[in-house]
Amino acid sequence: MTQTPGFAPLVTVAIPSFSHGRFLNDALTSVFQQGLPIEVFVADGGSTDETLQVIRRWESRLAGWRSHADAGQSAAINECIARGSAPFVCWLNSDDVWLPNGLGALLKALEDHPEWPAAYGKAWNVSDTLARRSRVWTRPFSERRLAVRNMISQPATLVRRTAWEKVGGLDESLHMAMDYDLWWRLFRSGGPLGYVEIDVALNRVHAATKTRTNRRKHYGEAVSIVRRYYGRVPVKWWLAWPVAVWLRALLFPQSS
């Protein structure tokens, strides 16, 4: 599928999806409600739920889509962004949601600050039904903060295509903390990421998220990333490990 002739998108949006049909319509609705010239690619990993029905409902507005087994989320995102041509890129997981005008705020920030390789804003963790919210911990960028904790909420980010291509996109060998790895490489390659103090996205937290079902692997990947780019692992990571992995595995046995 191709874009309408003369259409010049500003943002390439990748939406990786697998068995999230019950959430996908909310994600796509929030994307197209941004009111910006965008090109949207959906990469589904071969879902057998209602995902394909949702995709076909939006097909006329998509720049492209496919549904088949793939090499994982990182590879799917890289594939979508490579198919696009817009000067700014991002991805929205199929169970997350953008807030009104959130993407526009990030776009304006990057246009106003050409030195930033990427920009990020504020976000909320929400329940399945979006009824309960808790604030995601985000802060202005600093290397020390990034080493102590990932203070960048992935659905609330926008990256320059030039910066994305300079670092080679996502590391496809990573399946849990690939966003954390990307922030480090963007910083090392292009300088600090810009922070915009505006609510951009809702991060849906539910029992089937990879963060919950593979908590130990996620934490292990993050620790390896800190060591690789910061040279050492701050003590906070070791102190938080029992709570982040063992205690939550006891509280949520389905996620161990």
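Residue 55: buried (at least 18 other Cβ atoms within 10 Å of the Cβ), without any contact (Cβ under 8 Å) to a residue 40 or more places away in the chain, in contact with a strand residue (DSSP E or B) (Cβ under 9 Å, 6 or more places away or on another chain) and not charged (D, E, K, R), yes or no? Don't jump to the end; show me each part of the working.
Numbers: buried (at least 18 other Cβ atoms within 10 Å of the Cβ): yes; without any contact (Cβ under 8 Å) to a residue 40 or more places away in the chain: yes; in contact with a strand residue (DSSP E or B) (Cβ under 9 Å, 6 or more places away or on another chain): yes; not charged (D, E, K, R): yes.
Criteria met by residue 55.
Taking residues in region 218-241 that are in contact (Cβ under 8 Å) with a residue 24 or more places away in the chain, and partners anywhere that are part of a helix (DSSP H, G or I) and open to solvent by 60 Å² or more (accessible area, probe 1.4 Å), the pairs with Cβ atoms closer than 8 Å and at least 6 places apart or on different chains are 218/210; 218/211; 229/188; 230/143. The number of residues in region 62-73 that are over 26 Å from residue 109 (Cα atoms) and either open to solvent by less than 10 Å² (accessible area, probe 1.4 Å) or of a type in the set (D, E, K, R) (or both) comes to 3.
Checked against (1) in a helix (DSSP H, G or I); (2) open to solvent by less than 60 Å² (accessible area, probe 1.4 Å), residue 42 passes all but a single condition, namely (1). Reported count of residues in region 90-116, each being open to solvent by less than 10 Å² (accessible area, probe 1.4 Å), touching a helix residue (DSSP H, G or I) at 6+ places or on another chain (Cβ under 6 Å) and not hydrophobic (A, V, I, L, M, F, W, C), is 2.
Filtered by the rule that a residue be in contact with a strand residue (DSSP E or B) (Cβ under 6 Å, 6 or more places away or on another chain), more than 23 Å from residue 106 (Cα to Cα) and not in a strand (DSSP E or B), region 8-23 gives no residues.
Let's see how each residue does on (1) free of Cβ contacts under 8 Å to residues at least 12 places away in the same chain; (2) exposed (fewer than 15 other Cβ atoms within 10 Å of the Cβ):
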| residue | (1), (2) |
| --- | --- |
| 140 | no, yes |
| 144 | yes, yes |
| 150 | no, no |
| 158 | no, no |
| 163 | no, no |
| 174 | no, no |
| 188 | no, yes |
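Residue 84 meets each of the listed conditions (1) under 12 Å from the mean Cα position of the chain (by Cα); (2) modelled with pLDDT of 95 or more; (3) not charged (D, E, K, R) apart from (1).
Would a scan of region 126-140 turn up a residue that is in contact with a His (Cβ under 6 Å, 6 or more places away or on another chain) and part of a loop (DSSP other than H, G, I, E, B)?
From region 126-140, those in contact with a His (Cβ under 6 Å, 6 or more places away or on another chain) are 128; that's our starting set.
Retained after the next criterion (residues that are part of a loop (DSSP other than H, G, I, E, B)): 128.
The answer is yes, given that some residue of region 126-140 is in contact with a His (Cβ under 6 Å, 6 or more places away or on another chain) and part of a loop (DSSP other than H, G, I, E, B).
With respect to the stated conditions, residue 79 fails to be touching a Gly at 6+ places or on another chain (Cβ under 6 Å) and of a type in the set (D, E, K, R).
When region 190-221 is filtered for residues that are open to solvent by 20 Å² or more (accessible area, probe 1.4 Å), modelled with pLDDT of 95 or more and touching a Leu at 6+ places or on another chain (Cβ under 7 Å), the ones remaining, listed by number, are 196, 199.
So how many residues does region 118-138 have that are touching a residue at least 24 places away in the same chain (Cβ under 8 Å) and open to solvent by 10 Å² or more (accessible area, probe 1.4 Å)? If you could, list the steps in order and put the result at the bottom.
Of the residues in region 118-138, the ones touching a residue at least 24 places away in the same chain (Cβ under 8 Å) are 118-128, 130, 133, 136, 138.
Okay, now just the ones that are also open to solvent by 10 Å² or more (accessible area, probe 1.4 Å), so 122, 124-125, 127-128, 130, 133, 136.
The total comes to 8.
The values are calculated or read from the model by the stated rules, or taken from the named source; none is laboratory data. The model shown is predicted, which means the values in this text are computed figures rather than measured ones. Backbone-built Cβ (ideal geometry, glycine too); neighbour counts: all protein chains shown. To get the accessible areas, we keep the full protein, side chains included, count just its heavy atoms, and leave off ligands, DNA and RNA. Shrake-Rupley method; radii C 1.70, N 1.55, O 1.52, S 1.80 Å.
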